[in-house]
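> Encoded as structure tokens, here's the structure I'll be asking about.
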Amino acid sequence: MSTLIKDRVTILNTYPYSDSSLIVKALGKLSGNIDIIAKGIRKKSDSFILQVLNDYELTLYAPREGELHLLKESNLTQERHYQNPKNWATALCGAELMQKQLISPDENRQYYELLSSFLDFLIDLDAEPLPVFWRLLNRIIHLQGLELKTCICSSCRQKKPEYAYTRHDARFYCQRCTQELAQPRDLHILSEEAGRILFHLDHIGNHLHELKLSKSTIQEINDYFEDYYLAHNRKTLKLKSLSVLEQFYI
């Protein structure tokens, strides 16, 4: 008989496995990112089906080698509802982002609590939600041991609004230091709005009501984080949910 595991988890995504079962991706407070097979759950009433973005206490059979965790029972511990479609779509971006993380066991609780605070913050938010996702992404980058200071010039090391960045290494430069560069081919001059958001990113919650995001600004900041991810993690960061969220903007 497999060992039983109890953990509080946030449901990140679900996929039909058969006419009656689901594959569930979840982030556990103790277990980190786990894949679960929930046999027969699709034949039960909606109240039993594991809903994305909700928290549950799960009892699981530990997987044998090469297999998934097997759901034994579940209890809903927190239900999240998002009245604003933008907030809901932003929450899904955070869930998809977490699925892509390789989390060491000693950091499972940190990632779980970070996602929980992100999801809870969005529930009643009456302002632009997308910058909250960028802040989440920035905090994950810090948890990975990388130092991304979106308000510090990479050259003079002074706290100044970012003016430009070089795409191959995603290093920021203030306006004065940009003028002193040898004008690399991959230099990108930031729009004023993108530079302002990045400058305030660590404390963006204090500035959300000041923002009116355009699609071009969103694409610009998303492109920056894609460049940063590629430069420092050697892999691309492509989120389907983020592409969906962009469609809310013009």
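> Select, from LEU190, LEU237, the only residue that is at pLDDT 95 or above and assigned by TED's automatic domain parsing to the domain that holds LEU146.
Testing whether each residue is at pLDDT 95 or above and assigned by TED's automatic domain parsing to the domain that holds LEU146 leaves just LEU190.
> Right, something else. Can you find even one residue in the range 110-121 that is closer than 19 Å to SER241 by Cα, in a loop (DSSP other than H, G, I, E, B) and assigned by TED's automatic domain parsing to the domain that holds LYS238?
No - not one qualifying residue is present in the range 110-121.
> Just name the residue that is modelled with the lowest pLDDT out of those in the range 126-176 that are of a type in the set (A, V, I, L, M), crowded, with 17+ Cβ neighbours inside 10 Å and within 21 Å of THR90 (Cβ to Cβ).
Out of the qualifying residues, it is LEU148.
> Within the range 17-42, work out how many residues are assigned to a loop (DSSP other than H, G, I, E, B) and either modelled with pLDDT of 95 or more or on the phi > 0 side of the Ramachandran plot (or both).
Adding up the residues that qualify gives 4.
> Hey, any hits in the range 97-104 for a residue that's modelled with pLDDT of 95 or more, under 15 Å from VAL24 (Cβ atoms) and not small (Gly, Ala, Ser)?
Yes: one or more hits.
> Kindly indicate which of TYR228, TYR224 is touching a strand residue (DSSP E or B) at 6+ places or on another chain (Cβ under 7 Å) and closer than 18 Å to LEU97 by Cα.
The unique qualifying residue is TYR224.
> Now a separate question. What are the residues in the range 182-197 that are assigned to a loop (DSSP other than H, G, I, E, B) and either surrounded by 13 or more Cβ atoms within 10 Å (Cβ to Cβ) or in contact (Cβ under 8 Å) with a residue 12 or more places away in the chain (or both), if any?
Matches in the range 182-197: PRO184, ASP186, LEU190, SER191.
> Please go through the range 201-250 and pick out each residue that is in a helix (DSSP H, G or I) and aromatic (Phe, Trp, Tyr).
Hits for the range 201-250 are TYR224, PHE225, TYR228, TYR229.
> Are any residues in the range 152-175 part of a strand (DSSP E or B), over 17 Å from ASP227 (Cβ atoms) and of a type in the set (D, E, K, R), and if so, which ones?
Across the range 152-175, the qualifying residue is only LYS159.
The values are calculated or read from the model by the stated rules, or taken from the named source; none is laboratory data. Just so you know, these numbers come straight off a predicted model, no measurement behind them. Reconstructed Cβ throughout: ideal geometry from the backbone, glycine too, with neighbour counts over all protein chains shown.
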